[in-house]
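Bear in mind that the values in this text are calculations on the coordinates, not laboratory data. Note that the structure is a prediction, hence the values are computed from the model and not measured. Here the Cβ positions follow ideal geometry from the backbone for every residue, glycine too, while neighbour counts run over all protein chains shown.
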C-alpha cells in the first residue's frame, strides 16, 4: 500500500490516491434543465389522464348497494335493544330493497357499521394474540392488556379475552329473492373463505386437544357479551368453531376508520338462478337483530357489491388522477410560457 | 474544486446572507411539510376508505392502511431525495436504492410467519404485506402520492431558476459529456467555512493582493480574498476576466 512505502514522513498519513477516497468517482449529474422538466411534466400529465380514464371506466362497472337497517323497518328491535334486560331475547326484523340492475359476476355481502371506532388505541390493545394462536399457557393466563375482559366474575379466564372479541358483531342475515313468477328463494351464500389466508391458517389456531374442542376450552369462560361459547359458535360446521371461526377472525381484524364494512358472505353461484350473479328484482333481508348501536350513535347497514381487478367501488383514485393530470398540464403550460418569455435565451443566467 | 470556487467567488454570498438558514427558509420548509403530511394521509385514506381488495376481502383495515401510508412515505422520500442529489455516484445509487430495498426487506421480515410463530404478541402484522402489496390500488396510490408531493417542489425550483436564479444556479457546471468525467462531488470548495469569518474586505478593496491590474467583469463580482502571504501558483493567481 502507498502508506507503507512512504513510511514516516511529512506525508505519512495522506489518504490513498484512489478515486473513492479522493472523491473522484464517476458521477451522473442530473440538472433541472427546461428540456427535461417540461418533457417530464407533459409525459406525466399524459400518463395520469390515461390512467384516470382507464380507472374510471373500470369503476363504472362495479355496483354497490347499501341498505341501512338500524331503524326504519327494524324500529321494534331498535327499541328493544335499548334495554340491556332484553339482551337474551331474540328479535327478528325484515328490511326490503330493490336491485335495479343485475349484479353480474361474483357478488359480496358485507355488514357495515357507522361510527364504531375499532381504531381506538386502548380498544386495539385489548386482545391477546398469543392466546388466539392456541398457546395453552395464554389460554389459562390471558395477557394483562385484556383487562377488564381477562377474567370473569368467578375468576375464570375468558377465551377469547379482550374488548375486541367481546364486542363481536352478532347480527345474522338471510337474504331472500322474491321472484316475479315463483316462490321466494333464499339466496345461498358461501360463509367460508371470507378471511385472509394468513389469518385463518397462521394467526389463529385452536388450542391443541386430543378430545373435543369443548375439552380444550375447559376451565375458561365465554366473553361477557356473547350468547354462545367460543367452541360452539357454528353448530352446523364443526371446523368453524373455536378461535378459527371465520366471523370471529373477520371481526378481529380491526378496521382503520370509524365507518367500515366487513365481509359476511359470498354469493354461491352453484344455484341455477344465481349462476350469473344477482338478478334484478325485489329482495328482503331477514335480520336477527342483536348488536345494539344506539350507545355510540352508530348505524348498521348491509352492503351488496361486485368487484373488479381494481377492487370495490371507489371513485376517488380515478378522479384524483384526472385532476392531477389537469393540474400538471396547466403547470406545464405555465412553465413553458415562462421559459419562452424569460429564460430561453439565458438572459437571467448571465453574470 | 478550489480553482472553480475562485472563479465564482459569488458562491460564498448565500452563506453570508443567511439565505438558506433564516426564518423565511423555516416557514417555507414548514409549509412544505404540512402540505406533504396532509397529502400522505388523506390520499391513502380516500383511496381505501370504502374499498375492498380484488377478491372481496378487507383492504381498509388498520394494519393494511398503516402499511400503505408507510410505503407512500418511503417512496415519496426516496423520490424527493433523488431530486435533491446532484451527483449520482455508485455510492449514492447504493444507498438510495438500498434504502428502498431495505424497507421492503424489513417489512416482509417483520410480517413473516416465522417471526409471528416465535413472538405472536410482538409481531401482530403477520400477512399484511403479503395481502396488501399485491393490490393495484396500493401501488396506484403510492404513485399518486409521490407525484402530488414532488411535482410542486419541481415547479417551485424550476420557476425560481427561470425567474430569479440564485448564484448556485448560475454557477452550474456545463452539462456533462457522456463519458465518465472525473469531478469532485461538491461544487463548494473547502474554503466555504471561511466566508463566515470577518474576512479580507480591506485587503480586497485595496487591490493589494492582485498581481496585475485587471478590469473587473461586472459590478457584482468581488474577487476571492486570499492572504497576501499565500502565493497561488498557476492560473489561480488573481481574478482573470475569462473566468479560468
Worksheet item: Using the alpha-carbon atoms, what tilt in degrees (0 to 90, nearest 10) does helix A:316-338 show relative to the longest principal axis of chain A?
Response: 20
Worksheet item: What's the average, rounded to a whole number, of partner chain beta-carbon atoms within 10 Å of each residue's beta-carbon in A:40-52?
Response: 1
Worksheet item: Once a ≥ b ≥ c are taken as the square roots of the eigenvalues of the Cα gyration tensor of the stretch A:159-199, is the result rounded (a/c under 1.5), prolate (a/b larger than b/c) or oblate (a/b not larger than b/c)?
Response: oblate
Item to complete: Based on alpha-carbon positions alone, could you give the equivalent ellipsoid semi-axes of the stretch A:135-264 from the gyration tensor, as √(5λ), descending, whole Å?
Response: 30, 17, 14
Worksheet entry | For peptides B:50-56, A:154-160, sequence by mean Cβ density within 10 Å, most packed first | B:50-56, A:154-160
Worksheet item: What does the average come to when, for each residue of peptide B:144-151, you count the partner chain Cβ atoms lying within 10 Å of its Cβ?
Response: 4
Worksheet entry | For the stretch A:32-173, convex hull volume per residue from C-alpha positions, Å³ | 251
Worksheet item: To two decimal places, what compactness ratio does the stretch B:2-170 give when its Cα radius of gyration is scaled by 2.2 N^0.38 Å?
Response: 1.35
Fill in: Order of B:104, A:217 under a 10 Å beta carbon neighbour criterion, fewest first
B:104, A:217
Fill in: Spatial separation of Cα centroids for the stretch A:63-110 and the stretch A:145-174, in angstrom
24
Fill in: Within 10 Å of each Cβ in A:306-314, the average number of Cβ atoms from other chains
6
Item to complete: Within 10 Å of each residue's Cβ, count the other Cβ atoms and sort A:109, A:274, B:95 from fewest upward.
Response: B:95, A:274, A:109
Practice prompt. Give the peptides B:115-122, A:253-260 in descending order of average Cβ contacts within 10 Å, highest first.
Written response: A:253-260, B:115-122
Worksheet item: Under the classification rounded if a/c is under 1.5, otherwise prolate if a/b is larger than b/c and oblate if not, where does the stretch A:1-96 fall, given a ≥ b ≥ c as square roots of the Cα gyration tensor eigenvalues?
Response: oblate
Worksheet item: Among A:205, B:62, which comes first, second and so on when ranked by fewest other beta-carbon atoms within 10 Å?
Response: A:205, B:62
Worksheet item: When you count, for each residue, the other Cβ atoms within 10 Å and take the mean per peptide, how do A:277-284, A:181-188, A:242-249 rank with the highest first?
Response: A:242-249, A:277-284, A:181-188
Practice prompt. Measure nothing but the geometry: give the 0 to 90° angle between the long axis through the Cα atoms of A:34-60 and the longest principal axis through the Cα atoms of chain A, rounded to 10°.
Written response: 10
Fill in: Principal axes of the stretch A:63-306: Cα extent on each, largest first, Å
58, 39, 31
